[in-house]
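S.K.: The structure's right below; bear with me while I get my questions together.
Please treat every number below as a calculation from the coordinates, not as lab data. Please read all numbers here as calculations on a predicted model, not as lab measurements. Note: ideal-geometry Cβ built from the backbone for every residue, glycine included; neighbour counts use all protein chains shown.
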């Protein structure tokens, strides 16, 4: 009865409202849970996922506007098909984004590497020596450190494999250690926030905002480390006292 009382414009509007609400929930999961802070920018997922949402959210209501006819006997079936196809496209997009989500933020010698779930093989994951690294996190990347093996021959094999396109140290959970265990190495490599002015001439306002944000902290209290990522390299703002990551920013490293 409800469908028969509507015209095509009303039906399309209700479809658009429902689609937008569902898309908003999906976006919250992606940008708050899987790709928090600047990790969406670093991973290049923002434009692609938002384009998928916009196309999917708009396309369904547009088709409804075209085919809606309250006198049509097959109307419920046709609308059900549209909704199923629309949801299938959304779930496919979500699955793709989930598979490629950031899994580990790995401190490696002088900075961080953002490692994605689809970059770690099942075999490498199974070889992890610490149980907390045998599975891939869901709610944002786990912060860890990677330590090169002391055996020169084994270390040489890792370096050689990486040069020829194989797995690098950060893709091998068997060499992961706790981030806290490498605290002194982290502290030795922290760079001054002031250096960001030199590498972000086109983002001077953002640099000034970041400096102002931490101005109340002792000059030697906060610095940054670079993060190598898939689409855009970013930075981690780090405490010079605890080595804790305070935030991740879209600014570029020097």
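S.K.: Using the Cα gyration tensor of segment 3-99, with a ≥ b ≥ c the square roots of its eigenvalues, what is the shape: rounded (a/c below 1.5), prolate (a/b larger than b/c) or oblate (neither)?
M.R.: prolate
S.K.: Quick one: if you take sqrt(5λ) for each eigenvalue of the C-alpha gyration tensor of segment 160-210, what semi-axes come out, biggest first, whole angstrom?
M.R.: Computed over segment 160-210, the values are 32, 18, 9 Å.
S.K.: Classify segment 190-254 as rounded, prolate or oblate from the Cα gyration tensor: take a ≥ b ≥ c as the square roots of its eigenvalues, call it rounded if a/c is under 1.5, otherwise prolate when a/b beats b/c and oblate if not.
M.R.: oblate
S.K.: I'd like the FRET efficiency for residue 13 and residue 123, computed as 1/(1 + (r/R0)^6) with the beta carbon distance as r and R0 of 45 Å, rounded to 0.05.
M.R.: 0.30
S.K.: For the chain, what relative contact order do you get, as a whole percent, if you take Cα pairs closer than 8 Å and at least 6 residues apart?
M.R.: Rounded, it is 19 percent for the chain.
S.K.: No solvent, one uniform scatterer per C-alpha: report log10 I(q)/I(0) for segment 133-254 via the Debye equation at q = 0.09 1/Å, two decimals.
M.R.: Calculated log10 I(q)/I(0) at the listed q: -0.32.
S.K.: Cα-based Rg of segment 126-190 per 2.2 N^0.38 Å, rounded to two decimals?
M.R.: Compared with the compact-globule rule of thumb, segment 126-190 sits at 1.20.
S.K.: Here is a further query. Just want to confirm a number: the relative contact order over segment 13-123, from Cα pairs under 8 angstrom separated by 6+ residues, in percent.
M.R.: 26
S.K.: Could you work out the relative contact order of segment 133-254? I mean the mean sequence separation of Cα pairs under 8 Å and 6+ apart, divided by the number of residues, in percent.
M.R.: 20
S.K.: More than 12 angstrom separation, counting every C-alpha pair in segment 20-77; what % is that?
M.R.: The proportion of pairs with Cα distances above 12 Å equals 72 percent.
S.K.: What does the C-alpha gyration tensor say about the overall shape of segment 19-160? Classify as rounded when a/c is under 1.5, otherwise prolate if a/b is larger than b/c, or oblate.
M.R.: Prolate.
S.K.: If you don't mind, another one. Mind giving me the nanometre distance, one decimal, between the label points for residue 25 and residue 189, set 7 Å out from Cα along Cα→Cβ?
M.R.: 4.2
S.K.: Regarding the chain, what's the average projected area of the Cα-atom convex hull, expressed in nm²?
M.R.: 18.4
S.K.: Something else now. Quick one: compute a quarter of the convex hull surface over the Cα atoms of segment 66-130 and quote it in nm².
M.R.: Computed as one quarter of the Cα hull surface, the answer is 7.8 nm².
S.K.: Apply 1/(1 + (r/R0)^6) to the Cβ-Cβ distance of residue 66 and residue 232, taking R0 = 30 Å, and write down the FRET efficiency to the nearest 0.05.
M.R.: E between residue 66 and residue 232, to the nearest 0.05, is 0.15.
S.K.: Okay, next question. Apply 1/(1 + (r/R0)^6) to the Cβ-Cβ distance of residue 242 and residue 139, taking R0 = 22 Å, and write down the FRET efficiency to the nearest 0.05.
M.R.: The pair residue 242/residue 139 has a calculated efficiency of 0.50.
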